[in-house]
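Beneath this line is the structure, given in structure tokens, with notes to follow.
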Amino acid sequence: MPRFSTGGQPTVWFRNLQIYRLVEPFEYGAEDLEKALDGRRFKPCAGLDTHSLGWAPAAGADGTQLVHTATGRLVVCLQREDRLLPPSVIREEVEQRAAEVSTREGRPVGRKERRQLRDDVIVDLLPRAFTRNRYRHAYIDPPLGLLIVDCGTANQAEELLSQLRESLGSLRATPLTVAQTPSAVLTRWLERRPPRGMQLGDECELREPVDNGAVVRGRRVDLAGGDLRPQLDAGLLASRVAITWQDRLTCVVGEDLGVRRLRFTDLVLDEAADVAAEDPLARFDADFVLMSNELAGFVPDLIDAFGGLEAAGD
């Protein structure tokens, strides 16, 4: 069966962050977590499966362990394989088979028969379809009480969390919630300035605070120069704002508290390059330690910038 990967096994340098708060202390060590995940180890699509999900070695093809641990943090990787059977291919094959029936039997093919032909086409083509593999990393930081997933949307993150909950039996983790309204905080950054240690970037998104309101997106905009004052005076609120943190990373922060287009600056990447690593597994470990240490500073600062975590019961 033909297979290919989207970008292959990704680098350990996260590109997006969906951040979850652990409601209870995470009690699993690396060995116990490894045993829990092993029951849902990835297996390729079989039979008429349209997709398959499972845990893959955290460090990629160079490792064998489903869990990689460093500085008390636990890295996991979810692999998803999808069979690619485009609707256009199905329609074309159905039309061809319907035409053959019509010619052979001298009659039109009805709607009910076409549905049966479609089902037959899927059964015939699905086992021979190309497959696409994608990998999604996450790590648990027990001291901070956080779980961080490398993906751009909450739905993608929830797929990984669902697998983790099923593997562990339960996992009380909730999306990050903060004390202050995120859109109001982001707007305040544009009107004044972000907190100390953060600088405005050159990208933002503004929205009217009504259903189906206008959306204004700006790139290569001087956010600190007052270029957006007319829109802000008109009552638009920020829904996404680009920032730089401590000259160590850049990203776009959204009102959903998702962090997108995360990039580590040369200051960090040069430090990574200076670390000697004799093999790919050592390289993975060194890069993860450096990256997760940076995020261990950035994420709490980000939470503080929104007034801290929302208190229980708020």
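The values are calculated or read from the model by the stated rules, or taken from the named source; none is laboratory data. These numbers were taken from a predicted model, which means no experiment stands behind them. Every residue, glycine as well, gets a Cβ built from its backbone with ideal geometry; the counts of neighbours run over all protein chains shown. Ligands, DNA and RNA are stripped out before the accessible areas are found, and what is left, the full protein with its side chains, is counted by its heavy atoms. Shrake-Rupley method; radii C 1.70, N 1.55, O 1.52, S 1.80 Å.
Descriptive notes on the structure:
- Accessible carbon and sulfur surface of the chain relative to its total accessible area, %, 1.4 Å: 48 percent
- Förster-model FRET efficiency, 25 Å R0, E31 and R172, C-beta, rounded to 0.05: 0.70
- Nearest-20 debye value, the chain charge dipole, Cβ charges on Lys, Arg, Asp, Glu: 1220 debye
- Heavy-atom accessible area per residue - the chain, 1.4 Å, Å²: 53 Å²
- Full extension of the segment from D124 to Q96, taken as 0.36 nm per residue of separation minus the current Cα-Cα distance, would add 8.7 nm.
- Of D227, D285, D247, the residue with the greatest mean-square motion in the GNM of the chain, using alpha carbon springs below 10 Å, is D227.
- Note on P(r) over Cα pairs in 20 Å bins from 0, in percent: of the candidates (i) 31, 63, 6; (ii) 25, 43, 27, 4, 0; (iii) 27, 46, 23, 4, the value calculated from this structure sits at (iii).
- Leading residue at positive end of dipole, the chain (Cβ point charges), from L48, G63, W245: L48
- Compared with the alpha-carbon gap, the fully stretched path from R41 to N155 is longer by 38.9 nm at 0.36 nm per residue.
- Fraction of beta bridges assigned by DSSP in the range 179-314 that are antiparallel (%, nearest 5): 100 percent
- If both residues of a DSSP beta bridge must be in the range 233-277, then about 100% of such bridges are antiparallel.
- Part-to-part distance (alpha-carbon centres) for the range 200-272 and the range 28-69, which is given in Å: 36 Å
- Lys, Arg +1 and Asp, Glu -1 on Cβ, resulting dipole of the range 183-292 about Cα centre, debye, nearest 20: 540 debye
- Each peptide among 166-177, 82-93, 106-117 gets the average number of other Cβ atoms lying within 10 Å of its residues, and from highest to lowest they stand as 166-177, 82-93, 106-117.
- With K and R counted +1 and D and E -1, the other residues having a Cβ less than 14 Å from that of V149 yield a net charge of +3.
- Taking other residues whose beta carbon is less than 10 angstrom from the beta carbon of S239, and scoring Lys, Arg as +1 and Asp, Glu as -1, yields 0.
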